[in-house]
Amino acid sequence: MVNVKKLFEPTDMTVGTPWKSILMFSIPMLIGNIAQQLYNTVDSIVVGHYEGDNALAAVGSAGPLFNLLLVLFVGISSGIGIMVSQYFGAKSREELSKTIGNGIVLTGLVSLVLMVVAPLIVRPMLKLLKTPDTIINDCTAYLVILMVGIAGLAFYNILSGILRGMGDSFSALVYLLIATVINIVLDVLFVAVFDIGVAGVALATVIAQAVSSIMCAFKLMRMKAVFDLGREQLQLSKQYVGQIVRLGLPSGVTQAIFSSAMIVVQSLTNSFGEQFIAANVIVMRVDGFAMMPNFSFGMAMTTYAGQNVGARRLDRVKQGAKQGTLMAIACSTAITMAILFFGKFLMGIFSDTQDLVNQSYYMMQILAVGYIAMAVTQSLSGVMRGAGDTVTPMWISLCTTVLIRVPVAYGISWLTRTPELPYGRSECIQISLLVSWVMGAVLTGIFYRVGRWKKKAFS
């Protein structure tokens, strides 16, 4: 019989069978990641059916710019997650407490800055990206509302990351599922009933994210047996802030590089017109779900490696890395097969326009095999990050996005230009992404074997 109370408690991953620990930690996180992906997906489905394809394109075009504005939170979250898992594994209560306190204060300060600055720069940046005039107003409204309400998303990601670092992926799942239901209900209410349009789905997302962050905060306040959180822990410390930045900066830079590359490619994507933009939005929404197992195993490997590094168990780190990667590959292979067999049905959920469905399915077929490659990249990168080596994954990301993806996309576009296709063949977007994924897996495998992460963790 399952002990329900135990599901909500921190989990020590330094004992037990590695693959079982990784799998049991990954499952609730996978469900949670799928639920989080539902935020944007439900936005797209509701907008696509009630407001039309242009509104769908507007919501999708906001994605790359929104992700770029979130890079500071990615860095903070990554740094805190690594430190929490290592201190928890080492049973260092004081260091764990101060890490959590400093992370919470940093998140609040960064949220405040973004809430003021981001709404002022959104429209100029969208113009710089050549966003079509037919969708720029909706795209601006969507982004401004999300950025004004950014604190909810920021604190959920940070606080749920702290819970995961201590091995509790179940609590964050429950809170996120509740918030997802709220988001879906409000989406339909604001768009279908109140006819607020694109602004309505943004408002629904902000409210739902705020709810999930509040529930995470209450959970942490009840964990006094594990760490302390008082005035002393909430005072910024140069030592802990410096460590968070040192560990998190490479991950933040990685996200910035990835988002910048996405923005550069988005400019090329916009040149192919509204229908291609809408098709690309559908592909990216399905892609978000297809990539969830890889992200989940990657985050599980970070926590697993971090706790075992803290406990000085290199043997368990290596064993878990092998077993976790094999599980991720098996899961991604199944997803790839599902995409190839049921892809058209999935695309049809987002739009009633048959040409749009056919185009997005064709684009998805190009990408399908790449998810297996990403299973390797995410799992082994998670191990390296958990060991404290966040720099190597950063350089790999830099190489695959800036030196491979962007040149390949624009190169194919330029080489395939004709009078009928002044911007070249649109397949350049998906082919460039596939090539970057495969090369990322190759490079990650090589650098994992080289073993810089072992010297970093056990020196």
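The values are calculated or read from the model by the stated rules, or taken from the named source; none is laboratory data. Just so it is clear, the model here is predicted, and its values are computed rather than measured. Cβ: placed from backbone, ideal geometry, glycine included. Neighbour counts: every protein chain shown. Surface areas here come from the heavy atoms of the whole protein model, side chains and all, with no ligands, DNA or RNA. Shrake-Rupley method; radii C 1.70, N 1.55, O 1.52, S 1.80 Å.
Please go through segment 330-383 and pick out each residue that is part of a helix (DSSP H, G or I), of a type in the set (Ser, Thr, Tyr) and under 19 Å from Ser44 (Cα atoms).
In the first step, residues of segment 330-383 are kept if they are part of a helix (DSSP H, G or I); the result is 330-348, 354-367, 370-383.
Narrowing further to those that are of a type in the set (Ser, Thr, Tyr): 332-333, 336, 360-362, 371, 377, 379, 381.
Matches in segment 330-383: Ser360, Tyr361.
Please tell me if Ile335 is under 25 Å from Glu274 (Cα atoms), open to solvent by less than 40 Å² (accessible area, probe 1.4 Å) and among the β-branched types (Val, Ile, Thr). Before the answer, list the steps.
On the way: under 25 Å from Glu274 (Cα atoms): no; open to solvent by less than 40 Å² (accessible area, probe 1.4 Å): yes; among the β-branched types (Val, Ile, Thr): yes.
The answer is no for Ile335.
Hey, could you check segment 389-443 for residues that are in a helix (DSSP H, G or I) and among the hydroxyl-bearing types (Ser, Thr, Tyr) and say which is farthest from the chain's Cα centre (by Cα)?
Of the residues in segment 389-443, the ones in a helix (DSSP H, G or I) are 391-415, 428-443.
So of that shortlist, the ones also among the hydroxyl-bearing types (Ser, Thr, Tyr) come out as 392, 397, 400-401, 410, 413, 432, 436.
Working: Thr392: 19, Ser397: 14, Thr400: 17, Thr401: 16, Tyr410: 25, Ser413: 28, Ser432: 20, Ser436: 18 Å.
Out of the qualifying residues, it is Ser413.
Determine whether segment 112-121 contains at least one residue that is in contact with a Gly (Cβ under 6 Å, 6 or more places away or on another chain), in a helix (DSSP H, G or I) and either open to solvent by less than 10 Å² (accessible area, probe 1.4 Å) or of a type outside the set (A, V, I, L, M, F, W, C) (or both). I'd like the intermediate steps shown before the answer.
Applying the first criterion (in contact with a Gly (Cβ under 6 Å, 6 or more places away or on another chain)) to segment 112-121 yields none.
Taking every residue of segment 112-121 in turn, none turns out to be in contact with a Gly (Cβ under 6 Å, 6 or more places away or on another chain), in a helix (DSSP H, G or I) and either open to solvent by less than 10 Å² (accessible area, probe 1.4 Å) or of a type outside the set (A, V, I, L, M, F, W, C) (or both).
What is the number of the single condition among (1) under 24 Å from Gly386 (Cβ atoms); (2) at pLDDT 85 or above; (3) surrounded by fewer than 18 Cβ atoms within 10 Å (Cβ to Cβ); (4) in contact with a helix residue (DSSP H, G or I) (Cβ under 7 Å, 6 or more places away or on another chain) that Thr99 does not meet?
Condition not satisfied by Thr99: (3).
Looking at (1) more than 21 Å from Ala202 (Cα to Cα); (2) assigned to a loop (DSSP other than H, G, I, E, B); (3) open to solvent by less than 20 Å² (accessible area, probe 1.4 Å), find the lone condition where Thr131 falls short.
Evaluating Thr131 over (1) more than 21 Å from Ala202 (Cα to Cα); (2) assigned to a loop (DSSP other than H, G, I, E, B); (3) open to solvent by less than 20 Å² (accessible area, probe 1.4 Å) leaves (1) as the failure.
For Ile104, indicate whether it is on the phi < 0 side of the Ramachandran plot and at pLDDT below 85. Explain how you work it out, then say what you get.
Working: on the phi < 0 side of the Ramachandran plot: yes; at pLDDT below 85: no.
No, not satisfied.
Go through (1) of a type in the set (Phe, Trp, Tyr); (2) surrounded by 24 or more Cβ atoms within 10 Å (Cβ to Cβ); (3) under 19 Å from Tyr156 (Cβ atoms) for Phe66 and report which single condition fails.
Exception for Phe66: condition (2).
I need the full set of residues from segment 216-230 which are farther than 16 Å from Leu96 by Cβ and open to solvent by less than 70 Å² (accessible area, probe 1.4 Å), in order please.
Passing the criteria: Cys216, Ala217.
Suppose we filter Gly386, Gly451 for residues that are surrounded by fewer than 23 Cβ atoms within 10 Å (Cβ to Cβ) and modelled with pLDDT under 90; which single one remains?
Working: Gly386 fails: surrounded by fewer than 23 Cβ atoms within 10 Å (Cβ to Cβ).
Answer to the selection: Gly451.
Suppose we filter Gln233, Gln239 for residues that are open to solvent by less than 40 Å² (accessible area, probe 1.4 Å) and more than 15 Å from Pro132 (Cα to Cα); which single one remains?
On the way: Gln239 fails: open to solvent by less than 40 Å² (accessible area, probe 1.4 Å).
From the options Gln233, Gln239, the qualifying one is Gln233.
Scan segment 310-325 for residues that are touching a residue at least 40 places away in the same chain (Cβ under 8 Å) and open to solvent by 10 Å² or more (accessible area, probe 1.4 Å) and jot them down.
Correct list: Gly310, Ala311, Arg312, Arg313, Leu314, Arg316, Gln319, Gln323, Thr325.
Modelled with pLDDT of 75 or more, in a helix (DSSP H, G or I) and within 27 Å of Arg385 (Cα to Cα), is that true of Val84? Even if it seems obvious, please write down each step before you answer.
Values: modelled with pLDDT of 75 or more: yes; in a helix (DSSP H, G or I): yes; within 27 Å of Arg385 (Cα to Cα): yes.
Against the criterion (modelled with pLDDT of 75 or more, in a helix (DSSP H, G or I) and within 27 Å of Arg385 (Cα to Cα)), Val84 qualifies.
Which of the numbered conditions does Gly75 fail, given that it passes all the others? Conditions: (1) touching a Lys or Arg at 6+ places or on another chain (Cβ under 7 Å); (2) within 24 Å of Ser169 (Cβ to Cβ).
(1)
Check whether at least one residue in segment 242-263 is surrounded by fewer than 20 Cβ atoms within 10 Å (Cβ to Cβ), farther than 30 Å from Asn137 by Cα and free of Cβ contacts under 8 Å to residues at least 24 places away in the same chain, and report yes or no.
Within segment 242-263, one or more residues are surrounded by fewer than 20 Cβ atoms within 10 Å (Cβ to Cβ), farther than 30 Å from Asn137 by Cα and free of Cβ contacts under 8 Å to residues at least 24 places away in the same chain.
Looking at this structure, is Ser85 within 18 Å of the chain's Cα centre (by Cα) and crowded, with 22+ Cβ neighbours inside 10 Å? Break it down into steps so the answer makes sense when it comes.
Values: within 18 Å of the chain's Cα centre (by Cα): no; crowded, with 22+ Cβ neighbours inside 10 Å: yes.
Criteria not met by Ser85.
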